[in-house]
1. Would you tally the residues in the stretch 30-45 being surrounded by 14 or more Cβ atoms within 10 Å (Cβ to Cβ) and either aromatic (Phe, Trp, Tyr) or over 19 Å from the mean Cα position of the chain (by Cα) (or both)?
2. Listed residues Arg48, Arg27; which is of a type in the set (Lys, Arg) and surrounded by 17 or more Cβ atoms within 10 Å (Cβ to Cβ)?
3. Considering every residue within the stretch 68-79, establish whether at least one is at pLDDT 95 or above, surrounded by 14 or more Cβ atoms within 10 Å (Cβ to Cβ), in contact with a strand residue (DSSP E or B) (Cβ under 8 Å, 6 or more places away or on another chain) and of a type in the set (Ser, Thr, Tyr).
4. How many residues are under 14 Å from Glu73 (Cβ atoms) and either over 12 Å from the mean Cα position of the chain (by Cα) or surrounded by 13 or more Cβ atoms within 10 Å (Cβ to Cβ) (or both) when one looks only at the stretch 6-24?
5. Can you tell me which of Asp50, Asp59 is of a type in the set (Asp, Glu), more than 10 Å from the chain's Cα centre (by Cα) and closer than 29 Å to Gly10 by Cβ?
Amino acid sequence: MVFVEVRSTGGDDPLRPALSVDQEKQRRLTDLALYYLRQHRLLDCMARFDVLAISWPPDKREPAIVHYRQAFEAVGRFQMYS
């Protein structure tokens, strides 16, 4: 199971959107993923967290897209396999 957080910015710094997934955001995403897995009886499934960072400079016709696989480990009281 892959949980993907999509972050975007209008600037030209491709790291900025990814860096916005801070420790607090990671904790909230972990809690949400755990809730989803419980609700769908998927607690025995392995899970990972990816981040899709999109930056779109105003002078470009297309955005720069960076996919960070396994961007972070589960955080909080209940950690999952990644």
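1. First, pick out the residues of the stretch 30-45 that are surrounded by 14 or more Cβ atoms within 10 Å (Cβ to Cβ): 30-31, 33-34, 37.
Still in the running and either aromatic (Phe, Trp, Tyr) or over 19 Å from the mean Cα position of the chain (by Cα) (or both): none.
So the count comes out to 0.
2. Numbers: Arg27 fails: surrounded by 17 or more Cβ atoms within 10 Å (Cβ to Cβ).
When all the criteria are applied, what remains is Arg48.
3. yes
4. Here the count works out to 1.
5. Numbers: Asp50 fails: more than 10 Å from the chain's Cα centre (by Cα).
Testing whether each residue is of a type in the set (Asp, Glu), more than 10 Å from the chain's Cα centre (by Cα) and closer than 29 Å to Gly10 by Cβ leaves just Asp59.
The values are calculated or read from the model by the stated rules, or taken from the named source; none is laboratory data. Fair warning: this is a prediction, and the values are worked out from it, not measured in the lab. Every residue, glycine as well, gets a Cβ built from its backbone with ideal geometry; the counts of neighbours run over all protein chains shown.
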